[in-house]
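Notes follow the structure.
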Amino acid sequence: MPVLRPTRTARRRRPTSRGTLGLLLLATPGIVWFLVFAYGPMAGLVVAFKDFKVSEGIFGSPWNGLQNFAYFFSSGDAPRIVINTIFLNALFLVASLAAGLLLALMLNEIQGRFTRRFGQSIIFFPYFVSPVVISIILQAVLAGVGGRGGMVNNLLNVFDLPNVNWYTTPGAWPWILTVVKVWQLGGYTSVIFLAAITSIPEDVYEAAALDGASKARMALSVTTPLLLPTLGILIVLGVGRIFFGDFATIYAIVGDNGTLFPTTDVIDTYVFRSLRTVGDFGTTAAIGLFQSIVGFVFVSAAVLVQRRVDKESSIL
Amino acid sequence: MSFIASGRTQTITDIEAEMALSDVPPSRPGAARVPGRKRFEPFTVVSYICVGIFGLFCLVPLWMIVAGSFTDESVLAANGYSIWPAPFSLAAYQLLFTGQSLVNGYIASLFITIVGTALSLSCTASLAWVIARRLPRISRPLTIFAYIPMLFTGGLVPLYLLVTQVLNLSNDWFSVILPIMLAPFLIFVAVSFFRQLPEEILDSARIDGAGELRIFFQIVIPLSKPILAVLGLFYAVTYWNEWFMALLFISDPDKFPLQLILQNLISNVTNAATLPGASASQAAAPVYQIRFAMTVMTIAPILFGYPFAQRFFVKGLTLGATKG
């Protein structure tokens, strides 16, 4: 019910100066956190332009211009990890969105609230399994126990196919990681799609039923087109994040297994490894800055597109 | 096919006729579809099968780990792991519970999760309220202030230097908590919830002379329990599963959280399996069984809490997806 608000109410909502002070006090811990842990590292990026030495500190170390960047781009690793990052993320995005969309369409067919919720809860669960646990499961599935074949190889044996030593076969890993991602995110994505499906008005389906559409036809020609806006937003958000690898999952699974680097090494794992093994802070920070800048371009473009497409959900 | 179609047409016209007669507006259009929905079409059957298969695909790997943790090491090494723990064995759990590392790991993980979630939740709620309060000259700059880190980050190296060189938090559990304490996205989820609170209640409190802080603590917080539960659960799972910060900043084995202990167990067993000389000394301890048992202990809290908490997660995700 619309309530006519007198101007006095509006004036009352504006806090007194003491009230403002109280509110600022309330916001202080959060503001301090952002200054230290979000904006502090941004200032720390000056390390990328320095010949950093721990003994001399961030501000004492001498400047060395763009040398750190030159070192990274001439090392020959740059094209490989950039391509890997974009290729793997694109693969993950397409696969998990496709799986999520299909699962949502199918979950929508399941009758009975309880059964549907139960199914939804089960496929949503892998989202909460930590990368380390995923890595252990994957080892058991691919490499088995004690050097035995593992589940996948046992399956291959059934079809008279030879065993594969997965952990020394780099070519298979983009696909293995994609399967892991679908396992991890398929249910999660389907919950988002299902939420969008519930907002589709019922009379659209009634009209389709009146025209003699089957359930499959409804899913294909009614539900899917109506989910396109949601899909579009998820694609835009995913593309915005395309320059940031899912470090935790990939590093937990691949670790320092150098055989798999040609196909699995992404920017984040590369940065982490060079920080740990080489300890060259300057170059590593330079790679990080490169990633942040390219990532920023992608994210900003994504946000702009999203705001144009869907004004309601934009934050600012 | 034509029979089905005509059948449905019949049903719907019947209902339409009924509605026309009773002259009641169709308050619940969903009810009209129920007769048509009862029939099982090919696509429905396919859906049940596919969702079932995907459900198994999600659960079987986890079950294998649980079964493996109860299977005797000798069988595990000879046959690989099985659906059912054939010679039932508690050896791994006995070893884990007599050792100190599981207890230490639980203490570390619980500290990080409980203290971290409390800090995250209080900071998120208070900052989000100040943003949602639409204060002139304060709320909007704060929104931008919290939004920029979603677009641009300093990256790993400056963070590493900040925690180890400037704050000197190495080997402190706060080095795991602080870097991931606030998630801008969740702050904005809270903001959009706060903005939906009925303004009338807040106004009446103001008329009664309640100050800003009193309104926040005694009215906003109690009204926001659902969203706080959602945010708390998301933060708690994040802290429980966090291992990367621990990997970076914690090197003292006594302070390892569970995830890091597990991570080390992976590399140790891999080492043990690949080095032939090491297997002799390792033979006594059921290494694989321990690894599975440790995995089970690590996901146990999530596994047990999930059935009760899952509706909050679904709710929170939906909220984030539509309002984010």
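The values are calculated or read from the model by the stated rules, or taken from the named source; none is laboratory data. All values derive from a computational prediction rather than experimental measurement. Glycine gets a Cβ as well: all are built from the backbone with ideal geometry, and neighbour counts include every protein chain shown. Note: accessible area is taken over every heavy atom of the protein model, side chains too, but ligands, DNA and RNA are not part of it. Shrake-Rupley method; radii C 1.70, N 1.55, O 1.52, S 1.80 Å.
From the set of residues in the range A:52-75 that are within 14 Å of chain B (Cβ to nearest Cβ) and of a type in the set (F, W, Y), which is nearest to A:D280 (Cα to Cα)? Before the answer, list the steps.
Of all residues in the range A:52-75, those within 14 Å of chain B (Cβ to nearest Cβ) come to A:52-61, A:68-69, A:72.
In the following step, the residues that additionally are of a type in the set (F, W, Y) were identified as A:52, A:59, A:69, A:72.
Details: A:F52: 8, A:F59: 16, A:F69: 12, A:F72: 11 Å.
By that ranking, first place goes to A:F52.
Anything in the range A:36-53 that is in contact with a strand residue (DSSP E or B) (Cβ under 9 Å, 6 or more places away or on another chain) and either modelled with pLDDT under 85 or of a type outside the set (V, I, T) (or both)? List them, or say none. Before you say what the answer is, go through the steps one by one.
The initial filter retains those residues of the range A:36-53 that are in contact with a strand residue (DSSP E or B) (Cβ under 9 Å, 6 or more places away or on another chain), namely A:46, A:49-51.
Across the range A:36-53, the qualifying residues are A:F49, A:K50, A:D51.
Which members of the range B:295-318 meet the condition of being more than 9 Å from every other protein chain (Cβ to nearest Cβ) and either modelled with pLDDT of 85 or more or open to solvent by 30 Å² or more (accessible area, probe 1.4 Å) (or both)? Outline the logic, then answer.
Looking only at the range B:295-318, we keep the residues that are more than 9 Å from every other protein chain (Cβ to nearest Cβ), and these are B:296-297, B:300-301, B:304-305, B:308-309, B:312, B:315-316.
Answer for the range B:295-318, where residues must be more than 9 Å from every other protein chain (Cβ to nearest Cβ) and either modelled with pLDDT of 85 or more or open to solvent by 30 Å² or more (accessible area, probe 1.4 Å) (or both): B:V296, B:M297, B:A300, B:P301, B:F304, B:G305, B:F308, B:F312, B:K315.
For B:L197, which of the numbered conditions (1) modelled with pLDDT of 90 or more; (2) open to solvent by less than 30 Å² (accessible area, probe 1.4 Å); (3) away from chain A (no Cβ under 11 Å) fails to hold?
(1)
For the range A:40-53, give me each residue that is surrounded by 17 or more Cβ atoms within 10 Å (Cβ to Cβ) and within 16 Å of B:T153 (Cα to Cα).
Matches in the range A:40-53: A:G40, A:P41, A:M42, A:G44, A:L45, A:V47, A:A48.
If I ask for residues that are buried (at least 17 other Cβ atoms within 10 Å of the Cβ) and among the acidic types (D, E), which ones from the range B:202-218 would you list?
B:E212 - this is the single residue of the range B:202-218 that is buried (at least 17 other Cβ atoms within 10 Å of the Cβ) and among the acidic types (D, E).
Filter the range B:116-146 down to residues that are touching a helix residue (DSSP H, G or I) at 6+ places or on another chain (Cβ under 7 Å) and not hydrophobic (A, V, I, L, M, F, W, C) and give me whichever is nearest to the other protein chains (Cβ to nearest Cβ).
The selected residue is B:S126.
For the range A:147-177, which residues satisfy the criterion of being touching a residue at least 60 places away in the same chain (Cβ under 8 Å) and within 14 Å of another protein chain (Cβ to nearest Cβ)?
Correct list: A:Y167, A:T168.
Starting from the range B:32-54, keep only residues that are more than 7 Å from every other protein chain (Cβ to nearest Cβ), then list their pairs with residues that are at pLDDT below 60 whose Cβ atoms are within a distance under 6 Å, requiring at least 6 positions of separation or different chains.
B:P35/B:T11
Give B:L162, B:L231, B:L213 a once-over and let me know the one that is over 30 Å from A:L289 (Cβ atoms), touching a helix residue (DSSP H, G or I) at 6+ places or on another chain (Cβ under 6 Å) and facing chain A (nearest Cβ under 8 Å).
Values: B:L162 fails: over 30 Å from A:L289 (Cβ atoms); B:L231 fails: facing chain A (nearest Cβ under 8 Å).
Every option except B:L213 fails the conditions.
Of these, B:L162, B:L167, which one is in the same structural domain as B:A108 (by TED's automatic domain parsing), surrounded by fewer than 20 Cβ atoms within 10 Å (Cβ to Cβ) and touching a Phe, Trp or Tyr at 6+ places or on another chain (Cβ under 9 Å)? It would help to see each step written out before you state the result.
Values: B:L162 fails: surrounded by fewer than 20 Cβ atoms within 10 Å (Cβ to Cβ).
The conditions single out B:L167.
Where in the range A:191-296 are the helices (runs of 4 or more DSSP H), entirely inside, with at least 1 residues that are buried (at least 19 other Cβ atoms within 10 Å of the Cβ), over 25 Å from the mean Cα position of the chain (by Cα) and more than 8 Å from every other protein chain (Cβ to nearest Cβ)? Spell out the reasoning first.
Details: elements: A:202-210, A:215-218, A:224-240, A:247-254, A:261-264, A:267-273.
Result: A:215-218.
When you check A:L107 against the structure, is it assigned to a helix (DSSP H, G or I) and under 16 Å from A:I235 (Cα atoms), yes or no? Can you show your working first?
Details: assigned to a helix (DSSP H, G or I): yes; under 16 Å from A:I235 (Cα atoms): no.
Criteria not met by A:L107.
Residue under question is B:I221, and the condition is that it be surrounded by fewer than 20 Cβ atoms within 10 Å (Cβ to Cβ) and not hydroxyl-bearing (S, T, Y); does it hold? First the steps, then the outcome.
Values: surrounded by fewer than 20 Cβ atoms within 10 Å (Cβ to Cβ): yes; not hydroxyl-bearing (S, T, Y): yes.
In short, yes.
Any residue that is touching a Ser or Thr at 6+ places or on another chain (Cβ under 7 Å), aromatic (F, W, Y) and open to solvent by less than 20 Å² (accessible area, probe 1.4 Å) - is there at least one of those in the range A:124-143?
Within the range A:124-143, not a single residue is touching a Ser or Thr at 6+ places or on another chain (Cβ under 7 Å), aromatic (F, W, Y) and open to solvent by less than 20 Å² (accessible area, probe 1.4 Å).
Can you find a residue that is more than 21 Å from A:V133 (Cβ to Cβ) and more than 25 Å from the chain's Cα centre (by Cα) anywhere in the range B:241-253?
yes
Does the range A:163-174 contain at least one residue that is in contact with a Cys (Cβ under 8 Å, 6 or more places away or on another chain) and either open to solvent by 50 Å² or more (accessible area, probe 1.4 Å) or part of a helix (DSSP H, G or I) (or both)? Don't jump to the end; show me each part of the working.
If we filter the range A:163-174 for residues that are in contact with a Cys (Cβ under 8 Å, 6 or more places away or on another chain), which is where we start, we get none.
Within the range A:163-174 (the criterion being in contact with a Cys (Cβ under 8 Å, 6 or more places away or on another chain) and either open to solvent by 50 Å² or more (accessible area, probe 1.4 Å) or part of a helix (DSSP H, G or I) (or both)), the answer is no, since none of the residues qualifies.
Okay, residues lined up against (1) open to solvent by 10 Å² or more (accessible area, probe 1.4 Å); (2) among the β-branched types (V, I, T); (3) not assigned by TED's automatic domain parsing to the domain that holds B:T298:
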residue: B:S109; (1), (2), (3): no, no, no
residue: B:I114; (1), (2), (3): yes, yes, no
residue: B:L119; (1), (2), (3): yes, no, no
residue: B:I131; (1), (2), (3): no, yes, no
residue: B:I138; (1), (2), (3): yes, yes, no
residue: B:Y147; (1), (2), (3): yes, no, no
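State whether one or more residues within the range A:76-95 are open to solvent by 20 Å² or more (accessible area, probe 1.4 Å), within 11 Å of chain B (Cβ to nearest Cβ) and of a type outside the set (S, T, N, Q). Steps first, answer last, please.
In the first step, residues of the range A:76-95 are kept if they are open to solvent by 20 Å² or more (accessible area, probe 1.4 Å); the result is A:76-77, A:79-80, A:82-83, A:86-87, A:89-91, A:93-95.
When the remaining residues are screened for being within 11 Å of chain B (Cβ to nearest Cβ), the result is none.
No - not one qualifying residue is present in the range A:76-95.
List the residue pairs whose Cβ atoms are under 6 Å apart, where the first residue sits in the range A:18-39 and is over 13 Å from B:L127 (Cα atoms) and free of Cβ contacts under 8 Å to residues at least 24 places away in the same chain, the second is among the charged types (D, E, K, R) and part of a helix (DSSP H, G or I), and the two are 6 or more positions apart or on different chains.
Every condition considered, the pairs that remain are A:G19/B:E212.
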